[in-house]
Amino acid sequence: MQQAVPQAAATGGAGSTLTVLLLLAGLLVIVAIGVKLYDLKRKRDAEAVHLQAQVSDALLRDQSLFGLAVTPTATVPWWSGTPARLEVTGHVPTPEARERALRIIEQEARSLRPDVVIVDRMEIEPAVRAA
């Protein structure tokens, strides 16, 4: 004698399978978004390091600024179209040295990224001399 399977039991198994598949698909989407955000962060960090290194090298190439403690720190936001920020800190002996450093920094930064914002935090200290 053969038993009939109730209709509710047959659809319950298919419903739970569908639920599991939807949960797995949702988890895959969440993981994919996480990977994409991590990759974007890594790219922006690499851009910031490149900008910072290029500006630092430009400052080192200038003989009048060689040995001064002028440090550029770059940050590139996650969203494209938002300007990069280059904060310049340090001590220079004269206002002329400060202007020269800012001119070199701006010229080098704009050659890499035209949308860079330069924040000047350099201080003038006459006792500071290049090494």
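None of the figures in this text is laboratory data; all of them are computed from the coordinates on show. These numbers were taken from a predicted model, which means no experiment stands behind them. Backbone-built Cβ (ideal geometry, glycine too); neighbour counts: all protein chains shown.
Please give the FRET efficiency for Val119 paired with Lys36, using the beta carbon to beta carbon distance and R0 = 35 Å, rounded to the nearest 0.05.
Details: r = 30 Å, r/R0 = 0.85.
That gives a FRET efficiency of 0.70.
Take every pair of alpha-carbon atoms less than 8 Å apart whose residues are at least six positions apart; their mean separation over the length of region 44-124 yields a relative contact order of 33 percent.
Against the chain, whose longest principal axis comes from its Cα atoms, helix 95-112 is set at around 40 degrees. Estimated from helical segments only, the mean residue ellipticity of the chain at 222 nm is -20500 deg cm²/dmol, where each DSSP H run of four or more residues counts as -39500 (n - 2.57). Build a GNM of the chain with springs between Cα atoms under 10 Å apart, and of Gly26, Gly34, Gly13 the one that fluctuates most is Gly13. Spatial offset of region 25-50 relative to region 52-95 amounts to 27 Å, using the alpha carbon center of each. With Cα atoms as the point set, the radius of gyration and Dmax of the chain evaluate to 28.6, 105 Å. Only the Cβ atoms of Lys and Arg (+1) and of Asp and Glu (-1) were treated as charged; on that basis the dipole of the chain about its Cα centre amounts to roughly 360 debye.
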